[in-house]
Amino acid sequence: MSISFDRVSKAFGSKRVLDNVSFTVNKGEILFILGKSGVGKSVTLKHIIGLLTPDSGDVLVEDLVINKLSEVKLAEARKLCGMVFQHPALLDSLTVYENIAFGLRGKKPETIRERVLECLKLVHLDQSIIDRKPPEISYGMQKRVSLARTLAPGPSYLLFDEPTTGLDPITTNAINELIFELSRKLNVTSL
């Protein structure tokens, strides 16, 4: 199981963001994509989940060529990946519990509750916050709830788009350590 880019290029108008990019991330690896703003970090991640399509080249998740899948098959492939965006993007009208459980609809209520509590524990949050709404908890806690929501369905790949944006240095370090810990504990591939 891996993620691969095979000679991927992407331009927006005259701005070429990805130029013949090739790499492979093997199962269980953690890959950091570093660079200043505008060099294609987010664009790379959006190709993996099919939000963007390359102008040329192929993006593979496991043996699936993401840019050649039908909408139905792409929806199935996206279930393999969990994306954590720059901002928590939690639904303010829902509780912490409901936000984490969002991707678990259709499962038995007792199964959902067990998974939500497990995910809270994985991100080092106490279950006492499950009835709070996002505006009632700190920004750092919101980031962790967002991560718990991403973990809930059990993805094989975790994609982080600048997960420490807007955090103080201490919380940034804690989130970075958490990403490393989760990648190892859950044996997932992380970018």
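Among the residues of the range 35-43, are any at pLDDT 95 or above, on the phi < 0 side of the Ramachandran plot, out of contact with any Cys (no Cβ under 9 Å at 6 or more places or on another chain) and not acidic (D, E)? The answer is yes; a qualifying residue exists. Restricting to the range 95-111, name every residue that is modelled with pLDDT of 95 or more, of a type outside the set (F, W, Y) and part of a helix (DSSP H, G or I). V96, E98, N99, I100, A101, listed by residue number.
Residue by residue, here is whether (1) in contact with a Lys or Arg (Cβ under 8 Å, 6 or more places away or on another chain); (2) open to solvent by 40 Å² or more (accessible area, probe 1.4 Å); (3) within 20 Å of S190 (Cα to Cα); (4) not in a helix (DSSP H, G or I) holds:
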residue	(1), (2), (3), (4)
V116	no, no, no, no
K121	no, yes, yes, no
P153	yes, yes, yes, yes
L158	no, no, yes, yes
L167	yes, no, no, yes
N173	no, yes, yes, no
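Once the range 34-45 is narrowed to residues that are among the hydrophobic types (A, V, I, L, M, F, W, C) and open to solvent by 60 Å² or more (accessible area, probe 1.4 Å), the residue that is farthest from R16 (Cα to Cα) is L34. Filtering L125, L182 for residues that are open to solvent by less than 30 Å² (accessible area, probe 1.4 Å), in a helix (DSSP H, G or I) and within 27 Å of K107 (Cα to Cα) leaves a single hit, L182.
With the condition kept exactly as written, say whether any residue in the range 46-55 is open to solvent by less than 20 Å² (accessible area, probe 1.4 Å) and over 15 Å from S4 (Cα atoms). No; the residues of the range 46-55 include none that is open to solvent by less than 20 Å² (accessible area, probe 1.4 Å) and over 15 Å from S4 (Cα atoms). Can you list the strands (runs of 3 or more DSSP E) lying wholly within the range 2-74 that have 3 or more residues being more than 19 Å from P155 (Cβ to Cβ) and without any contact (Cβ under 8 Å) to a residue 40 or more places away in the chain? Qualifying strands (runs of 3 or more DSSP E): 15-26. Checked against (1) farther than 16 Å from L158 by Cβ; (2) surrounded by fewer than 14 Cβ atoms within 10 Å (Cβ to Cβ); (3) basic (K, R), K79 meets all criteria but (1). Taking each residue of the range 165-191 that is farther than 18 Å from L34 by Cβ and looking for partners that are surrounded by 17 or more Cβ atoms within 10 Å (Cβ to Cβ) with beta-carbon atoms closer than 7 Å, six or more apart or interchain, yields T171/G140; L178/V123; L182/L122; V188/P155; V188/S156; V188/Y157; V188/L158. No other residue among E110, E98 is touching a Leu at 6+ places or on another chain (Cβ under 8 Å), open to solvent by 20 Å² or more (accessible area, probe 1.4 Å) and either under 29 Å from I3 (Cβ atoms) or of a type in the set (D, E, K, R) (or both) apart from E98.
Looking only at residues of the range 130-164 that are β-branched (V, I, T) and in contact (Cβ under 8 Å) with a residue 40 or more places away in the chain, we find that the one that is farthest from Q86 (Cα to Cα) is I137.
The values are calculated or read from the model by the stated rules, or taken from the named source; none is laboratory data. All of these numbers come straight from a predicted model, not from anything done at the bench. So basically every Cβ, Gly included, is an ideal-geometry build from the backbone, and we count neighbours across all protein chains shown. Quick note on the areas: whole protein, heavy atoms, side chains included, nothing else; ligands and nucleic acids left out. Shrake-Rupley method; radii C 1.70, N 1.55, O 1.52, S 1.80 Å.
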